[in-house]
Protein chains: 2
Amino acid sequence: MTITENNIIDNGVNVEALLGAREMLSGAPEAAQFTFAASNRWVNGTHSRSTVNGFVGLGDDQAHRVPYSVDTDHPEIFASEDNGPTPPEMVLMGLAGCLTAGVASVAQNRGIQLHSVTSTVEGDLDVAGILGIDPEVRNGFGGIRVRFEIDADATRDEIEAVVAQSQKRSAVFDIVANPTAVVVDVA
Amino acid sequence: MTITENNIIDNGVNVEALLGAREMLSGAPEAAQFTFAASNRWVNGTHSRSTVNGFVGLGDDQAHRVPYSVDTDHPEIFASEDNGPTPPEMVLMGLAGCLTAGVASVAQNRGIQLHSVTSTVEGDLDVAGILGIDPEVRNGFGGIRVRFEIDADATRDEIEAVVAQSQKRSAVFDIVANPTAVVVDVA
């Protein structure tokens, strides 16, 4: 909650706690080292179930309020059973969720009351890559487009600046836009 | 189902259909152009809901069997309500689901019967980036580790080769490991 010029701005984000965390972690870089984790169990075919529960942060083991599981699968047009989002769609959903959380947080910090925030995220994927048809085609998305529609007590310029700042601080935007080293092995 | 040396190998993957799709799409590059999409609606604070339903592929509009929604949120230690996986965890779950679907598909194609496939995916995230403490720290994962445990009718070398081939053809592995252009705008 933020009180500005006699108006109460409440997007549901506790900015004071976040600014406090920033100050606390500025002096304790070890505590800022987080490790997130997911476990996965194959069900059948292309269907598997991923679960997140514990993670490491603030120098200690942490846990979600409850474990969260998501089933992923391939679509029926690839002769699968479509028991959940496809894995690339999980990335699109993560990107949307990350940018939207950022929009709410930045708007709160700037004293902007949001009324509604919706977005669509599209990713182009040439399946000639994953099917091994053309080695010149990458497996992942050729490009991603995110479009926000935001109703807020702010000018268009202010809304665009909030979205730009969210993008600048988004973990998933960075994960998608920039390379990350991934090591895969067998126990 | 694959019949090899009088054994029936069934990991639940229809390899014949996938090989047929590869042959069909080799001669129809336009049909191989897919666009996946997610829509997102802000709920409150850092909590939002993403949904996948329709996508484009094989030159036509396609749809999931049913729409799939996932709520994402930030954890309680960031003063949020923890109503779902964090957005970076969505990427870890997508990566696990993608590699596991690939393991089942490649094993099927090689006539290897799987009995169980589990994995853990860990991603290191220094929150000094997203909190704006240190501009030299990236917002996303500093590195990701995936570890498989696989029980299959195969040698360790064969199992490692299946995992390596899955990684080589994984959409989400490529999305995470390599850069993708992301355009974010406001309607």
Just checking, how many residues over segment B:111-158 are among the small types (Gly, Ala, Ser), under 30 Å from A:GLU23 (Cα atoms), assigned to a loop (DSSP other than H, G, I, E, B) and at pLDDT 95 or above? 4
Quick check on B:ASP174: is it of a type outside the set (A, V, I, L, M, F, W, C), within 30 Å of A:GLU149 (Cα to Cα), under 21 Å from the mean Cα position of the chain (by Cα) and at the interface with chain A (Cβ under 8 Å from one of its Cβ atoms)? yes
Among A:PHE55, A:PHE36, which is the only one that is at pLDDT 95 or above, crowded, with 19+ Cβ neighbours inside 10 Å, touching a Phe, Trp or Tyr at 6+ places or on another chain (Cβ under 9 Å) and more than 7 Å from chain B (Cβ to nearest Cβ)? A:PHE55
Mind checking which pairs have a first residue in segment B:138-159 that is touching a residue at least 24 places away in the same chain (Cβ under 8 Å) and outside the structural domain of B:ASP126 (by TED's automatic domain parsing) and a second that is part of a strand (DSSP E or B) and buried (at least 22 other Cβ atoms within 10 Å of the Cβ), Cβ under 7 Å, 6 or more apart or different chains? none
Inside segment A:81-99, can you point out the residues that are of a type in the set (S, T, N, Q) and either part of a helix (DSSP H, G or I) or surrounded by 24 or more Cβ atoms within 10 Å (Cβ to Cβ) (or both)? A:THR86
Out of (1) more than 7 Å from every other protein chain (Cβ to nearest Cβ); (2) over 18 Å from the mean Cα position of the chain (by Cα); (3) over 17 Å from A:ALA164 (Cα atoms), what's the single condition that is false for A:ARG110? (3)
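The values are calculated or read from the model by the stated rules, or taken from the named source; none is laboratory data. Owing to the predicted nature of the structure, the values given are computational and were not obtained by experimental measurement. All Cβ positions, even for glycine, are placed from backbone atoms using ideal geometry, and neighbour counts span all protein chains on display.
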